[in-house]
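Colleague: One structure is given below, represented as structure tokens, and several questions about it will come after.
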Amino acid sequence: MWTLVPTPSHANVIGCNWPFRIKRHDDGSIEHYKAHLVAKRYKQQEGIDYGETFSHVIKPTNVRVIPSLATGIDTRRTFTDHLYTALVGATLWTFRDEEEIDKGEEIELEIKKAIPRSRSSVVVFSENYASSPWCLDELVMIMERKRTSNHVARAVFYHVDPSTVRRQKGSFGTALARLEERFKADKKGCEDEWRKRMERWREALKEAADLSGWELKNKADGHEAKFIQKIVEELDGKIPRFRLSIPGYLVGIDDQVQRISSWLQDGPPDVGILSIWGIGGIGKTTIAKRVFNLNLGSFDAGSFLSDFAQTSKESHGVLRLQKQLVSEILVGKKRKIRSVDEGIGAIRKAMSSKRVLLVLDDVEENDQVDAILGMQNWFCPGSKIIITTKNPQFIKGPDKIHMVKVDILHKTPSLKLFCWHAFGEEDPPEIFTDLTNTAVAFCGGLPLALRILGRLLLNKKVDYWKSKLEQLETTPLDRIQKVLEISYNSLDDNNDKNIFLDIACFFIGKDRNLVVTILQECIFYPIHGIENLEDRGLLSVDNKNKLRMHQLLQQMGKEIICQKAPAKLGERCRLWRAKESLDVLEKNIGTRAIRGLKLDMHMEGNLQHQHSSGNAFSNWNEVQVQLETSAFTGMSELELLLINHVQLTGGYTEFPKKLRWLCWRGFLLNSIAIDFPLESLVVIDMRNSKLTRFWSGTKTFNFSSLISKLDRWRQMLHLRLRMAT
């Protein structure tokens, strides 16, 4: 009984199908009917999502050949079985009803699914072929597919002359006559229906008899083993192998693909492992797919396990990966795997006798790598494993792993990739030249960003381009943000995450040693943390020891900060935009949540000067903003402060006491106020200021600590320090 109810507000509606099954006897007569409800597009796992057998889903990419194995009892378990085994052994992924259709499922329904999705069909004609109605129905479907598409159909004539099939004489004529008599007896009142069905069969047999193919008596002197070998060799040479889908307009990856392909072909004869690593969106998966497609033919079998890390974390995810791996290595054969332990045994057995190309896409944890290394002894010599990862840190240990880093694209390939997606050609129209250069510069050589932004701007007018590019300066594209956030979220702990955010907001272009000095006093572990960020491609150090970070990674980190307090500026942990910092200070709404603040009026004045049509900011280097020191009172946890070309008035008694880094360029006074809290500072930068001495008056310090700090500050300030007593 069914009850109709309103859709709950929290639920999504999923479409459903009612598969209708017909179980038949060997002669084609009906044994019984069966139907049940199945959710559309739902990947069901036997023993997990259901207890009984559901319809098997045939993936389009899984089938290269469909031998028509409904050849009657005379060859089903002899010649046809041997042919099937040989095709599978040659990695020609093959559909066969006994292998691919669970017991009790409707064969006709599954054949209807498989034929349109296959690239080729092989029909095996034998003496008893025409005695089976559903064999003939299958032939009709194959010939219809051949007429209406580029589907390739071939024929095998096993102890049958093509003329017998064409003229429907001998055993074929007898079988058709018997079927006609049976129809007359069983289908009274439906004469038109069975007559049309008979006509379709006869027409299909005539057409199929003229197919290019193989005749046993004319090949290999009638030796079946040689005959089968000949069929497999010809099919393997003419039918393209399984290909993974990759993005169009591949640009800038040829050198890396060639290098990895050379390693696959010329590498050591034992089992080899190679890691492709880089930040999210850099093109690791695209390169791996391209390499897989180009080199699969050199191996006995191959498997590409996408989203390895994410899938393995899902419920029964490891079991699903095991089933996929075994199925692909055994070239389409189904093996019942009920547990992870059973899967381990099945993988070991499948790997032991074949040279395999295995790709594990997006590996991110140590135990996953340990498991892969532990599998090496299972593989047949000459097998190769490719790993893609955002975090090569846990892979660097084993000497046997070959490392390949994927870097950002240079300017020329970046321009080409963007233009292909934005204009459908390698160069922009003249009117879009400047805007295109701006867009490409924004993407910073990241292939994912170039593709997404190019598609976004496709067929848009100049005004739209200008508006969107201006918006992107402060608001990242959601799809790019989500991909890059994966790298951030995979950082091991909050220590590394805080170091990443501090550098993204305040320390790009700063000396590495200087930043280490500052962050050590913030109770972080910057030496270890910066190294981790470098290992993951989130940060780099140039040849001048300056910290560098891709601008989209900077934007990603800043957006993470904004998302935590989208509407309340005073509750964000870091403030770096001049407008927002100034807003918080002028309104005195800062809180203890703020641990870093940047207000660079020197830079702000420069930007306004560049965008000004007049000369209002012609003296931008002298721009100053005046604020009250009380604006900082609520920021008790403030540790990092940059206030270039800002003038503060008032006392410093309530000023934040935990400051570790103070950058105050353009300071207008001769000395710092006597009550300014210097005790926690480890780095002070007051260049381009009028400072001649630190303070006037008497100030009490821990003497040994003060001497050390003063010496370091003197080197940074490049001035003679005088202390008044």
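Computed from the coordinates by the stated procedures, all read-outs in this text should not be read as laboratory data. Since the structure is predicted, the reported quantities are computational estimates derived from the model, not experimental observations. As a convention, Cβ positions derive from the backbone with ideal geometry for all residues, glycine included, and neighbour counts pool all protein chains shown.
Colleague: Quick one: which residues, 5+ away or cross-chain, put their amide H under 5 Å from the amide H of Gly302? H built at 1.01 Å from N.
Modeller: Correct list: Leu357.
Colleague: How large is ³J(HN,Hα) for each residue in the range 134-139, as worked out from phi by the Karplus curve 6.51 cos²θ - 1.76 cosθ + 1.60 (θ = phi - 60°), to whole Hz, x for Gly and Pro?
Modeller: So the J values, rounded to whole Hz, are 6, 5, 5, 4, 4, 4.
Colleague: Please report Rg (one decimal) and Dmax (integer) in Å for the Cα set of the range 137-233.
Modeller: Rg, Dmax (Cα atoms, Å): 15.9, 50.
Colleague: Counting only the backbone N, which residues of the range 674-689 are under 15 Å from the spot 7 Å out from the Cα of Lys657 toward its beta-carbon?
Modeller: From the range 674-689, the list is 675-681.
Colleague: Moving to a separate point now. Working out 0.36 nm times the residue gap between Ser149 and Glu191, then minus their Cα-Cα distance, what length gain in nm do you get to one decimal?
Modeller: 12.0 nm
Colleague: How far apart, in nanometres, would the label points at Asp463 and Lys336 be if each is projected 7 angstrom from Cα along the Cα-to-Cβ direction?
Modeller: 6.7 nm
Colleague: Which entries of Lys466/Lys587; Lys230/Lys354; Lys466/Lys510 show an alpha-carbon separation above 30 angstrom in the structure shown?
Modeller: Lys466/Lys587; Lys466/Lys510
Colleague: Given Lys461/Lys579; Lys400/Lys546; Lys284/Lys482; Lys289/Lys405; Lys544/Lys579; Lys416/Lys460, which pairs have Cα atoms separated by over 22 Å? Spell out each step's value before the answer.
Modeller: Numbers: Lys461/Lys579 30 Å; Lys400/Lys546 32 Å; Lys284/Lys482 16 Å; Lys289/Lys405 16 Å; Lys544/Lys579 32 Å; Lys416/Lys460 18 Å.
Exceeds cut-off: Lys461/Lys579; Lys400/Lys546; Lys544/Lys579.
Colleague: Another question, then. Net charge within 10 Å of Val271 by Cβ-Cβ distance, Lys/Arg positive one each and Asp/Glu negative one each, not counting Val271 itself?
Modeller: Computed value for this residue: +2.
Colleague: For the range 470-609, state what percent of all Cα-Cα pairs lands in each successive 5 Å bin, counting from 0 Å until the bin that includes the largest distance.
Modeller: 2, 9, 18, 21, 21, 17, 9, 2, 0
Colleague: Around Pro526, with a cut-off of 11 angstrom between Cβ atoms, what is the net charge of the other residues, counting Lys and Arg +1 and Asp and Glu -1?
Modeller: With Lys, Arg at +1 and Asp, Glu at -1, the net is -3.
Colleague: Another one. For the modelled label position 7 Å from the Cα of Glu425 along Cα-to-Cβ, which residues of the range 437-465 have backbone nitrogen atoms closer than 17 Å?
Modeller: Once the point is set 7 Å along Cα→Cβ of Glu425, 437, 458-460 turn out to lie under 17 Å by backbone N, inside the range 437-465.
Colleague: Another one. For Tyr249 and Met198, calculate 0.36 nm times their separation in residues minus their Cα-Cα distance, and state this gained length in nm to one decimal. Intermediate results must be reported in sequence, preceding the final value.
Modeller: Details: separation 51, 0.36 × 51 = 18.36 nm, distance 4.99 nm.
Here the segment from Tyr249 to Met198 would lengthen by 13.4 nm.
Colleague: Name the long-range amide H neighbours of Val122: under 5 Å, sequence gap of 5 or more, or other chain; modelled H, no Pro or chain starts.
Modeller: Ile66, Ser68, Arg154
Colleague: Another question, then. May I ask you to compute the full-extension gain from Thr474 to Glu586, defined as 0.36 nm times their residue separation minus their alpha-carbon distance, rounded to one decimal in nm? Show your work: numbers first, answer last.
Modeller: Details: separation 112, 0.36 × 112 = 40.32 nm, distance 2.17 nm.
My answer for the length gained is 38.1 nm.
Colleague: I need the per residue convex hull volume for the range 514-576, using only the alpha carbons, in cubic angstrom as a whole number.
Modeller: It comes to 112 Å³ per residue, whole-number rounded.
Colleague: Which FRET efficiency value, to the nearest 0.05, is calculated for Glu314 and Glu234 with the Förster distance at 45 angstrom and r the Cβ-Cβ distance? Before the final figure, lay out each step's value.
Modeller: Details: r = 42 Å, r/R0 = 0.94.
Between Glu314 and Glu234 the formula returns 0.60.
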